[in-house]
Amino acid sequence: MRYLSTRGHADRKRFCEILLEGLAPDGGLYLPESYPQIAGRLAELRQVWATRGYADLAFEILKLYIDDIPEADLLALCRKTYTQEVFGSPEIAPLRRLEDGVYLQALSNGPTLAFKDMAMQLLGNLFEYELARRGEELNILGATSGDTGSAAEYAMRGKKGVRVFMTSPKGRMSPFQQAQMFSLLDENIHNIAIDGVFDDCQDIVKAVSNDLEFKRRYKIGTVNSINWARLLAQVVYYFAGYFQATTRDEQQVAFTVPSGNFGNICAGHVARMMGLPVARLVVATNENDVLDEFFRTGMYRVRVGADTHETSSPSMDISKASNFERFVFDLLGRDAAKTKALFSDALSAQGFFDLGQHPAFAEAKTRYGFASGKSTHLNRLATIRDTHQRFGEVIDTHTADGVKVAREQLQPGVPMLVLETALPIKFAATIEEALGQPPARPPGFEGLEAKPRKVRVMPADVAQVKAYITEHAAD
Ligand SMILES: *Cc1c(COP(=O)(O)O)cnc(C)c1O
């Protein structure tokens with residue numbers, strides 16, 4: 001298996017070469033040259049799921065994309081990652097029925113209680129494995145508004161050869177999220193609270209990464225959602241969800257995915273391209289409806305900072321969807337020149353492109369199965385309240401956006417699987433607003449906010465962040 005760039009760079013790389021990289025050299029995103037087909041193997045994979053479980057299913061899927069890690073090692077990495085101890089149940093991503101035709105697939109029972117653990121935990125083990133094999137080290141520098149940073153820290157804590165420097169906007173994450181991150185006292189984890197907003201953090205990360213000499217000298221890397229290995233790890237739970245919702249391989253299902261950067265649902269697109277019988281992939285957005293606008297009209301219009309709303313499903317508060325280029329590349333018949341013209345030229349010149357009149361646009365729905373919808377704060381509150389009253393279930397704000405949109409897209413006879421992307425305790429204030437009572441705290445998280453903390457506060461100043469990295473990069 002070789003990987004190419006969506007913008008047409010001539011290089012063809014193997015999995016472990018792109019594992020530690022972000023963007024391709026031409027600014028594109030990596031995708032496999034072709035999607036391995038599983039159409040004739042569904043029964044066999046169902047059997048793997050039923051008898052050997054999630055970790056072995058992950059191995060069977062990952063090995064179709066990874067040919068530069070010996071199979072025995074890859075299997076061991078999958079089995080080390082996907083355990084009941086870490087993910088809270090033997091199914092790892094269990095499915096439960098909400099109402100007729102609507103199911104919730106739990107992806108949020110990992111260490112940080114959001115779906116990002118599903119991929120990040122594997123990434124931590126893959127990084128440690130590959131860095132040891134190369135005899136190298138890596139300093140991960142990131143910016144987070146909540147879920148990504150904590151998932152990365154819990155995945156990398158105690159890992160050999162890896163340090164994490166995670167910037168976050170001071171005082172702007174939920175109290176639970178702050179406590180989760182800052183209570184990590186591991187030597188290789190560094191929390192940096194920036195006096196500013198999330199964009200300031202992102203600008204600092206960009207500025208440091210653009211200093212190529214500094215980047216090379218201090219071996220700076222990232223773990224953002226464009227990383228192909230993260231996306232690949234997410235493909236597995238679409239299969240696990242399908243096998244739990246169906247009994248026969250001719251049956252179809254649909255997924256609704258609370259979306260921000262289009263990473264999660266892009267993994268669903270990959271699963272579907274491999275031949276998983278998925279009737280529909282429904283993109284659910286919040287007030288930041290960049291993606292809903294595209295799937296309704298063909299217009300992709302990135303928002304400026306001032307047009308990006310701070311919402312009660314904050315992990316979906318995006319101004320542009322960083323993985324979206326992968327889907328558009330496929331939609332345009334893998335035309336790299338056209339993809340580059342849209343994402344590099346049109347977006348930087350005018351901030352939008354419009355495929356509304358392009359013959360391929362209709363295929364987003366007809367051939368690729370996409371649909372979309374939007375949910376607002378009031379929808380979110382109403383959905384949380386209704387789900388609690390009728391089913392005794394408390395769902396988080398992002399999942400509520402998914403449930404709201406899913407109900408608008410039901411098709412008779414097709415089970416709709418809504419991905420549960422976080423647990424309610426992470427966004428307790430909104431749950432309390434909706435229900436008049438705080439959500440239950442899962443066992444193991446008692447007293448989290450009172451634990452000792454390790455965090456360095458800094459102004460939004462690139463030089464100070466660099467000095468901090470310089471000081472700690474050799475610890
Ligand atoms: C990251 C995140 C999302 C958005 O996922 P994307 O892959 O960026 O589309 C949705 N919900 C929660 C809780 C998240 O943490």
### Of all DSSP beta bridges in the stretch 36-191, antiparallel share, percent nearest 5
30 percent
### Query
If the cut-off is a Cα-Cα distance under 13 Å, which aspartates and glutamates reach residue 454, setting aside same-chain residues fewer than 8 apart in sequence?
153, 186, 187
#### Entry: For q = 0.07, 0.12, 0.13 Å⁻¹, Debye-computed log10 I/I(0) when each Cα of the chain counts as one equal scatterer
-0.33, -1.08, -1.32
### Message
Can you give me the accessible area per residue for the stretch 83-184, using a 1.4 Å probe, in Å²?
### Response
30 Å²
### Task
Enumerate the lysines that residue 116 could reach by cross-link, defined here as Cα to Cα under 16 Å, with residues fewer than 8 away along the same chain left out.
426
### Query
If you take all C-alpha pairs in the stretch 8-83, what percent of them are over 15 Å apart?
63 percent
### Query
When the Kirkwood radius is taken over all Cα pairs of the stretch 319-410, what Stokes-Einstein diffusion coefficient follows at 10 °C and 1.306 mPa s, in µm²/s?
101 µm²/s
### Message
Over the Cα atoms, compute the radius of gyration (one decimal) and Dmax (the largest Cα-Cα distance, rounded to a whole number) for the stretch 65-136, in Å.
### Response
15.1, 53
### Message
From the C-alpha coordinates alone, can you work out the Kirkwood hydrodynamic radius of the stretch 329-380, in Å?
### Response
12.9 Å
### Dmax and Rg, reported as Rg then Dmax, of the stretch 256-295 (C-alpha, Å)
10.5, 32
## Note on the structure
Placing one equal point scatterer on each C-alpha of the stretch 345-475 and summing with Debye, one gets log10 I(q)/I(0) at q = 0.12, 0.23 Å⁻¹ equal to -0.82, -1.29
### Query
To the nearest 10 square angstrom, what accessible area does residue 100 show with a 1.4 Å probe?
120 Å²
### Summary
Per the helix-only model, the chain has a calculated mean residue ellipticity at 222 nm (DSSP H runs of ≥4, -39500 (n - 2.57) each, divided over all residues, rounded to the nearest 500) of -12000 deg cm²/dmol
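The values are calculated or read from the model by the stated rules, or taken from the named source; none is laboratory data. Keep in mind it's a predicted model, so treat the numbers as computed, not measured. Protein only, heavy atoms only, side chains kept; ligands, DNA and RNA dropped before computing areas. Shrake-Rupley method; radii C 1.70, N 1.55, O 1.52, S 1.80 Å.
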